[in-house]
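The values are calculated or read from the model by the stated rules, or taken from the named source; none is laboratory data. Predicted model, so just to flag it, every value in this text is computed and none were measured. All Cβ positions, even for glycine, are placed from backbone atoms using ideal geometry, and neighbour counts span all protein chains on display.
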Amino acid sequence: MNYKKTISFIITFLIFFNGFSQEAKDRNQENINVNKFRQLYQEFSTPNMYRTASGAPGPAYYQQQADYKMDIELDDENKKIYGNETITYKNNSPDVLDYLWVQLDQNVRKKDSPSLEINGNGASPYYLPSGFTKEFLSEPFDGGFNIEYVLDENKKPLKYIVNQTMMRIDLPTPLKSGESVSFSIKWWYNIQDHVNQDGRSGYETFEKDGNRLYIIAQFFPRMAVYNEVEGWQNYQFWGDGEFALPFGNYDVKITVPSDHILDATGVLQNRKNVFSKEMLKRFNKAKKTYDKPVMIVTQAEAEEAEKGFSKKKKTWHFVAENVRDFAFATSRKFIWDMMAVKIGSKDVMAVSMYPKEGNPLWEDYSTVVVAETLKTYSDYTFDYPYHKAISVHAKQIGMEYPMICFNFGRPNIDGSYSDRVKFGMIGVIVHEIGHNWFPMIVNSDERQWAWMDEGINTFVQYVAEQKLGEDFPEMIYPLEKFPSDRGPAEMITNYMSVDQNFLAPIMSNPENVYSLGPNAYGKPATALNILRETIMGRELFDHAFKTYSKRWKFKHPSPEDFFRTMEDASAVDLDWFWRGWFYTTDYVDIGIKEVNQYFVSSEPGVKMKELMEEQGIPRNRLRPLIFLENFDNDTENLKENDPLENSKLLSNYIKENFSESEISNLQVPKYFYEIVFNKPGGLVMPIIVDYEYEDGTIERVKYPVQIWRKNDKEVRKLVPSNKKIISINLDPDLETADIDTSNNSWPKKQDESDFDKFKSQVKG
C-alpha cells in the first residue's frame, strides 16, 4: 500500500462510516441527480419510426409538399404589390387533415397588429427627432394582407378565418393521406419603406434621383409546416422568430416596369424576352468566366436607366424546384454582374445586384465573396444544389432566401469606406449566402429554434471567413486573419458574464430572449467552434457535421436530430456539453486554487503522522513505504536532494528490480506538484494547462472534461517532474470561453497598473 492509497482508504472509510451513521436520519430525503454528466433522456424526445436514436430520419419519416403558381405585379408608382396564387398542397402524412394553416407574415405590419404592443419599455429619457416623430406624431403604417378571395379548384369560395399572422382554411372534404388539394388566394398589400419603417423587405427611396430599390420577401401567403413533432406550426409571427416552411415547386411570373432589372429565386424562363442582345452576349460570356465577374448591366447603363420612369411593363418568369421559399429584387438602378463557379461537377452562377451607391465596394468584392462562400460551404456540408446564388445590395438589411439574399454595406458618398464597413459587408454576404444551406436546404424551424439556422450558419461563416482570409490575403491586408466578430471563444465571454437575470438558454424561442444576437448567433457558433477545435478535434467534428448536413438535406431536422447525429457519427459523448451550453446559462470559470510541492521522504510527513495518530496506527505497524512530504514541512533540508538519497527503500527496490541499462535510463522525479483546480463557474470543460519549467521548456497537457465527473467543485492532479516548474497557465490560447482569467496562473499574475503602463512607455 502506497501513501496515496493509504490516505484514500482512510478518507473513504471515514466518509462511509459517517454517512452510514446519518443514513437513518436522512433515509426519506430525495437525492436528485445533478451530475453534469447525466444523460439527456429527460430533455430529449423519444426516438421513433420518424426520427431515430442515431439522429437520422426514420423509415416512416415524411414531409408535406406545397407547390405555388403565382402571378405577381409590383406597382412602383403606388408602392403596392398584387398577387394571385394557386397552392397545391399534398398530404404525405399518415393523418387526415380537416383544415390547412397558411402564414400571413405581412400581417405583422397591420395598424392594429398585437406585435406593436408586445414590448413594455415605458418612457425613454431621450428621443431623436426622427424617433419622436415616428413614435408620437406619425400615423401607423397601413400594412398587412388584403385578402380578396380564397377559392377552391372549382372557383367556389372556401371558408377561412384569419388569426393575426395565420389563416385557417376549412376544407369541405377532409384531406386524406396521399391526397392533394388546390386552392387560390388573391391579395394585395402596401409595401413598406424598410429604411425608415424597418422590416426584412420593402423598398428604399433614393431622393437624389427619385428611384426605388425593391427587395421583396414574405410577400405571399405561404403554407405552414405540418409534421409529427408538433402538428401544425402555429406560433404567431411577432417579428423575431423567422419562418418554418415546407418544400415545393414554384412557377412565378413577376410584372414590373419595363426599365427595371430583376432577379429572383429560380431559373429564368424567358431570358430572351427580358434581356437585350448585349445582355445575352455578356451573360453567355459570364457562364464561361471563372476568374472575375462579367458585367451584365454596367454602372453607366444603370445611371442612364435611372433617368427614365417607364410606364410600360415587363414580365419576368421564374421556375424553382424543391425550394422552401421565394424572393426577388427589382429596380432600374441595378448594376448586375456574374461569374461562374465550379461546384463539384456543375457550374453555379455567382451573382451581384447593386446600385451605384454601393460602388466601388460592391463591384470589387461582392461576387468574388459569393463564389468563395459557395466553395467553402460545399466542402464542409454538401455541394450547392442550385444553379445560382445572388447577393443584392440593401442599405441596412441582412436577410436570406433560396438562391437570393439581401446584404448591407454602403460606402460614403465619395466612394470611400472604412475597414469596418468593408469587412462588415463581406461578413454579411458570407453569412446570408451561407443561409442557403441553413435553413433553406437543411430546413430547421426558425420560428422555434433560431440557433439551428443562425448559430449553425454563423459557425460555418466563421470557418468560411478564415478560409477567405487565407486564400485572399490581399483582401484583408495588412491583417493576418479575417476579423470575424463571432466564433472564437474569447468573444463570447462578455455575454456569458452578464447578470443571469438577463440571460436565456440557447434552447429558447427567439421571441423570448433578451439579446437575440449573442444568444442565437454568437453563443451557439462559439459552442460549435469549441467542439471542433477543443473537444472533438477537426477530423471527428467535420465528419459528424457533414453527416448531419447530408442526412437532413431537403428535410426538417429538430434539435435532437442535430445533437444525436453529432454523437452518433463521432463516438463522442456530448450530453454534458449540450446540457451545459444549450440548456443552461452557466458560464466557464476554471482556476488554479493552490499548488502544493512535495519531495520524497523515507519517514512519514506531517499529514501522514496526523492520520496515523487519528487512527491509532503505530509506526511499526506500517509496511515499508515511500512518503511524500510538503515543501513547507521540510525541516531537514531534504527537498533538493535526489529522491534515491532520501529513500533507501526506493533506491534498493530499483537496484533489485531493474537492470543496469534500465537504471541508466531511469529519470526519477525529484519534484512533485499537486495542482488544485477549482471551478467557480457552472460549466465543465477540459482543463488545458501549460507547465513552464526552469530550463524554459513548456509542456502542454489537456485533462479530459471527465476529470470533473465525481467532483464538480475542485480536482487535484499530481505532476511528477525532474525539473522545477516555474509557472502554470490555464487555457493559454483562450479556447474554453473562461470568463475570468485572473485565476488562471501560478504564481498569480499581477495586473499592471495604469502608472506602470505609463512608465513602460517613457523612454529614458
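Quick look at the numbers
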quantity: Candidates F408, F482, F438, F472 - the one that is assigned by TED's automatic domain parsing to the domain that holds Q236, modelled with pLDDT of 95 or more and surrounded by fewer than 24 Cβ atoms within 10 Å (Cβ to Cβ); calculated: F408
quantity: Among the candidates A527, A450, A464, residue that is within 30 Å of P246 (Cβ to Cβ), surrounded by fewer than 24 Cβ atoms within 10 Å (Cβ to Cβ), among the aliphatic types (A, V, I, L, M) and out of contact with any Cys (no Cβ under 6 Å at 6 or more places or on another chain); calculated: A527
quantity: Yes/no for K679 being over 30 Å from Y587 (Cβ atoms) and basic (K, R); calculated: no
quantity: When residues of the stretch 121-179 are limited to those that are more than 30 Å from Y514 (Cβ to Cβ) and polar (S, T, N, Q), the one surrounded by the fewest Cβ atoms within 10 Å (Cβ to Cβ); calculated: N154
quantity: Selection status of N519, buried (at least 23 other Cβ atoms within 10 Å of the Cβ), polar (S, T, N, Q) and closer than 30 Å to N234 by Cβ; calculated: yes
quantity: Some residue of the stretch 318-325 being modelled with pLDDT of 95 or more and touching a helix residue (DSSP H, G or I) at 6+ places or on another chain (Cβ under 7 Å); calculated: no
quantity: Qualifying residue in the stretch 400-412 (condition: in contact with a Pro (Cβ under 8 Å, 6 or more places away or on another chain), outside any loop (DSSP other than H, G, I, E, B), in contact (Cβ under 8 Å) with a residue 40 or more places away in the chain and farther than 28 Å from V229 by Cα); calculated: no
quantity: Residue that is among the β-branched types (V, I, T) and either under 30 Å from Q63 (Cβ atoms) or more than 33 Å from the chain's Cα centre (by Cα) (or both), where the choices are T330, T265; calculated: T265
quantity: Counted residues, the stretch 510-543 - those being aromatic (F, W, Y) and more than 12 Å from the chain's Cα centre (by Cα); calculated: 2
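Okay, residues lined up against (1) surrounded by 22 or more Cβ atoms within 10 Å (Cβ to Cβ); (2) free of Cβ contacts under 8 Å to residues at least 40 places away in the same chain:
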site: V256; (1), (2): yes, no
site: D259; (1), (2): no, no
site: L262; (1), (2): yes, no
site: E304; (1), (2): no, yes
site: K307; (1), (2): no, no
site: K311; (1), (2): no, no
site: F326; (1), (2): yes, no
site: T330; (1), (2): yes, no
site: V348; (1), (2): yes, no
